[in-house]
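The values are calculated or read from the model by the stated rules, or taken from the named source; none is laboratory data. Only a predicted model underlies this, so the values are computations on that prediction, with no experimental measurement involved. Here the Cβ positions follow ideal geometry from the backbone for every residue, glycine too, while neighbour counts run over all protein chains shown.
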Amino acid sequence: MELPATGTAHGHVRLKDGRLARIAYAHEGDPTAAARLHVQAEAFRYLQPAARTPRLHEVIEPRAGLPGGALIVDFIEGRAPRLPDELEAMADTLACIHTLPLPAVGSPIPRQGSPFLE
C-alpha cells in the first residue's frame, strides 16, 4: 500500500509487515544524501526515549535506484489533531520531547547555540 508522498524531503510507502519506509528524496549521485539520511536517523534515535515518535528499525543506505536511502520506522495510524479539543495532548507531547537532554556535543543533529543571537 502506498501512501501519498506529501512531503518535500521524503515520501512514504507502507510495507507488507506494517512498518513504514520513509524514502528520502535525492538525485542519483547526490554527495550529501547519506549525511542527510544519517541526521534523520539520529533524530529518530534521539527522540525515542520520549515515546512519542515512530521507532527506527533500519537505515537503508543510498544506492542506485534509491539515491536518498530510506528509514524503516513504525507505522502509526493517525489523523490531524482536532482543535482546540486536543491541544492538551499536543502540549503533553511537546513537553515529553522537551524533557529530553540536549543532543551531545558532536551529534549530527543541528543545534542552535542561542536563539536570541542567531
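Looking only at the stretch 53-64, which residues are farther than 15 Å from residue 17 by Cβ and over 12 Å from the mean Cα position of the chain (by Cα)? Matches in the stretch 53-64: 61, 62, 63, 64.
Inside the stretch 67-95, can you point out the residues that are under 30 Å from residue 27 (Cα atoms), aliphatic (A, V, I, L, M) and either modelled with pLDDT under 95 or in a loop (DSSP other than H, G, I, E, B) (or both)? The one that is under 30 Å from residue 27 (Cα atoms), aliphatic (A, V, I, L, M) and either modelled with pLDDT under 95 or in a loop (DSSP other than H, G, I, E, B) (or both): 76. It is to be established whether one or more residues within the stretch 65-78 are farther than 15 Å from residue 22 by Cβ, of a type in the set (Asp, Glu) and either free of Cβ contacts under 8 Å to residues at least 24 places away in the same chain or surrounded by 14 or more Cβ atoms within 10 Å (Cβ to Cβ) (or both). Yes, because at least one residue in the stretch 65-78 is farther than 15 Å from residue 22 by Cβ, of a type in the set (Asp, Glu) and either free of Cβ contacts under 8 Å to residues at least 24 places away in the same chain or surrounded by 14 or more Cβ atoms within 10 Å (Cβ to Cβ) (or both). When the stretch 33-61 is filtered for residues that are crowded, with 17+ Cβ neighbours inside 10 Å, in contact with a Lys or Arg (Cβ under 9 Å, 6 or more places away or on another chain) and part of a helix (DSSP H, G or I), the ones remaining, listed by number, are 40, 44.
Listed by first and then second residue, the pairs with beta-carbon distance under 7 Å, at least 6 apart or on different chains, first residue in the stretch 21-50 and free of Cβ contacts under 8 Å to residues at least 40 places away in the same chain, second of a type in the set (D, E, K, R), are 34/61; 48/55. Filter the stretch 1-22 for residues that are assigned to a loop (DSSP other than H, G, I, E, B), of a type in the set (A, V, I, L, M, F, W, C) and at pLDDT 95 or above and give the result. 15, the sole residue that qualifies.
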